[in-house]
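Bear in mind these aren't lab numbers, they're just calculated from the coordinates by the rules spelled out. Small disclaimer: the values here were computed from a predicted structure and weren't measured. Note: ideal-geometry Cβ built from the backbone for every residue, glycine included; neighbour counts use all protein chains shown.
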Amino acid sequence: MYQKYGAIFSYFDSLLSGLTATPREEIDRNTYELFDREIGLPTDEYGLDQAVADGFLVPFKPISVPLRFPREGISYADLSDDEKAQWELLDWEENVQNAGRVDSGAINAWLFNADTVDKGLEVLMTQGCHEASGDRLGKSVIFARNHKHAEFIRERFDHNYPHLAGKAARVIDNQVKYAQSLIDDFADPCSDLRIAISVDMLDTGIDIPEIVNLVFFKPVRSRTKFWQMVGRGTRTCNNLFGPGRDKECFWIFDLCQNLEFFLGQGGAESPAAPETLSTRLFRSRLALIDTIDQKALPSVLPSVPSMAIPSRNDQPGDQDNALGLHRHTLAELLRCHVAACPADNFVVRPHLQLVERFRQSESWATLSPDDHQILSATVAPLPSAYAEQQGDTDADARRFDLLLYTLQLTLLRGEPRFARLQQQLRDLAAQLEARANIPQVAAELELIRDLLRDEWWQDVSVPMLEEVRRRLRTLMGLIEPISREPLFTNFTDELGELRELDAAALLTHDEFQQFRLRAKDFLKAHEDHLTMQRLRRNQPLTPADLNELQRFLLSHGVGTERAIQRAGEECNGFGLFIRSIVGLDRNAAKELFAAFLADGTHTTTQIRFINEILDELTSRGVMDPARLYDPPFSDLAPSGPEGLFSEAEVDNICQLLDLITSRAMAAQAA
């Protein structure tokens, strides 16, 4: 319950009653706050396990289907000679060709392998629940990854079962005509349509009691979405298999390790509430103002909304003046944005005092830390009509603005991610250069080609990047989205032994997961705690530090001694558990890798690789060196870090990662 939806409930003075089908682990934190409840503890709950026990729903049999390609990908070295010859005839992208392998994420996304689908269908047709007579498969839903995947499944079904072709299996998604007629046909217990191959359309809102088989042919990592999809099979159905023979359960055939994911990790955490593009632009401009102000530029700035772009030969004072003009322009844009907030809007109305204050030019001359906090947290999300008034509603141009503002910010702050953003800009420039026959592009071709030259980026400045933003933003809509052409193969996949998993473990509420969620929220509000600071800054801990942090959590009712003990056991130490949920301070991670990057001879790709490591450390707190061989790292170095760095450098990276882990574990060994 966030942003404008939360504002609706704040506006009306009334009693509130809430009912949601979202698992309590994934209910947004703000929803609990709205009802004055602790995180993860609703007023009441009626779970799937209780509904099954009461006879209102039926349980399921979860079957793990271990197909090799969807789990491990395809390696050229593992193929037969005939398959290698087939591989070499395909139009692979350069990174795949160089690596000699396709990651598992490509399977059924853009690479469609006939044998993989054939084996999945064979499992359904031979192991799935059939009607009482045993002649026909029971009603089944296959959850496909995309429309091309769904069509490919249908084609392979028709090929392998020609006597059922065109009638037993049909694609039902938003790209087919008469989808509702197909759904009605599928819902008819007597119809020949036995298999609905769905892309999103049948995930929720479909109530067909006769469904007895669900096939997960795509990865699902949202716990909420997963249980919504499972719900398609939970409906009871009397006399389904004859008089007095009711539906007692249904089957889940999982080809993409979704069951293992939720059993092993408790599901994905709820994503943060999405920010609008307008909010992100407001905050990026505000951050730029703050960073420019910290450089202590002259406080008296010309009241001119435009700015002169300095050349490379200008003196430092000229560069500072241009940066000051840029600050003025940014402040004026934000002032106009605030001034265009509609006063009669129910979201804006509670904040009219702030709107009135920041619509005045003098309020932007000097911004205090409290001003920045208020503007970012409260004013930025407010709706504004400024973009519409200016006719500046081109989403492509505004996304380009965001990229360039972020690039300017990272340049001023000296952040390593500048290299990654720089490459994004150069990629866009390359796509524009390929459209030089368009008059608007031809007019800016000199600048576009400058962006592709390394010389232009030497001593690049914020005003230079601002000129790029102003001159190229309207051209972004001319870039056509690049869609990857699908590839079709028929390599021999491997099917391991089917394994029935523990349904009770999936249904049982995980006390430890509740502790993790509550601890994360609580510690975020207490980041100034001494032990928290030591953990985030990668300083070694003592046993006393860990004992004090455990006492702190227990004294505030966050978890139990049993949960804390399990946290230490599952994460190889309580320090590592806490680090995993609060992350590592980015500056601390950068300091560790500063010496590694100090010689300044690393390539752009190498720097991007290190930045990905810093991103993961900031988010997860620690990192197993084995992750260096997985995405997103394998996207930059398909053959592993050894293909990008020297052996000594790889050893150095691994040692740094081990050092970060050991500092959170030190207390356990003491």
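Only Lys, Arg, Asp and Glu carry charge here, each on its Cβ (+1 for the first two, -1 for the last two); on that basis the range 426-573 has a dipole of about 620 debye about its Cα centre. Once Rh is set to the Kirkwood radius over Cα pairs, what Stokes-Einstein translational diffusion coefficient, in µm²/s, holds for the range 394-478 at a temperature of 4 °C and a viscosity of 1.567 mPa s? Taking Rh from Cα pairs, D becomes 100 µm²/s. Taking the Cα atoms of the chain, the ratio Rg/Rh between the radius of gyration and the Kirkwood radius comes to 0.98. In this structure the amide hydrogen of ILE142, modeled in the peptide plane, comes within under 5 Å of the amide hydrogens of ALA196, ILE197, SER198, VAL215, none closer than 5 places in sequence on its chain. Taking amide H positions as modeled 1.01 Å from N, with prolines and chain starts lacking one, the residues under 5 Å from ARG101 and 5 or more places away or on another chain are TYR76. Would you be so kind as to identify all helices of the chain, as entire DSSP H runs, whose Cα atoms reach 30 Å or more along the helix's own axis and whose mean Kyte-Doolittle hydropathy is at least -0.5? Helix filter hits for the chain: 316-339, 647-669. From helices alone, the chain scores -14500 deg cm²/dmol at 222 nm; the rule is -39500 (n - 2.57) for each run of n ≥ 4 DSSP H residues, then divide by the residue total.
Of the residues MET665, HIS337, GLY557, the one whose Cα sits farthest toward the positive end of the charge dipole of the chain, with +1 on the Cβ of Lys and Arg and -1 on the Cβ of Asp and Glu, is HIS337. Ranking of THR604, THR531, THR410 by neighbouring Cβ atoms within 10 Å, starting from the fewest: THR604, THR410, THR531. Ordered by the number of other Cβ atoms lying within 10 Å of each residue's own Cβ, fewest first, TYR629, TYR32 fall into the sequence TYR629, TYR32.
Placing a pseudo-label 7 Å from each Cα along the Cα-to-Cβ vector at PHE12 and ALA525 gives an inter-label distance of 2.7 nm. Around ALA595, what is the net charge, scoring Lys/Arg as +1 and Asp/Glu as -1 over all other residues with Cβ under 15 Å from its Cβ? Combined, the nearby Lys, Arg, Asp and Glu give -3. In terms of the mean number of neighbouring beta-carbon atoms within 10 Å, the peptides 227-233, 91-97 order highest first as 227-233, 91-97. Once C-alpha pairs closer than 8 Å and six or more residues apart are averaged by separation and normalised to the residue number of the chain, the relative contact order reads 15 percent. In the chain, taking the dipole from charged Cβ atoms about the Cα centre, the farthest positive-side position among TRP87, SER384, SER181 is held by SER384. Where a ≥ b ≥ c are the square roots of the eigenvalues of the C-alpha gyration tensor, would you call the range 418-553 rounded, which needs a/c under 1.5, or, failing that, prolate if a/b is larger than b/c, or oblate? Because a/c hits 1.5 or more and a/b fails to exceed b/c, the range 418-553 counts as oblate. Highest mean packing first, where packing is the average number of other Cβ atoms within 10 Å per residue, the peptides 352-364, 461-473 line up as 461-473, 352-364. So what's the projected area for the range 327-434, the Cα convex hull averaged over all directions, in nm²? With the hull built on Cα positions only, its mean projection is 8.4 nm². Structural descriptor for the range 394-478: relative contact order 46 percent, calculated from alpha carbon pairs under 8 angstrom and at least 6 residues apart.
Calculate how many DSSP beta bridges within the chain are antiparallel, expressed in % of all such bridges and rounded to the nearest 5. In the chain, DSSP labels about 20 percent of beta bridges as antiparallel. Arranged from fewest to most other beta-carbon atoms within 10 Å of their beta carbon, ASP184, ASP521 become ASP184, ASP521. For the range 510-670, the spread of Cα positions along the three principal axes, ordered from largest to smallest, is 51, 29, 28 Å. The packing ranking, built from the mean of other Cβ atoms within 10 Å per residue, places the peptides 551-559, 397-405 in the order 397-405, 551-559, highest first. Annotation: amide H of LEU541 within the under-5 Å range of ALA666, ALA667, sequence separation 5 or more or interchain, hydrogens built in the peptide plane. For the range 61-265, the alpha carbon convex hull comes to 136 Å³ per residue, rounded to a whole number.
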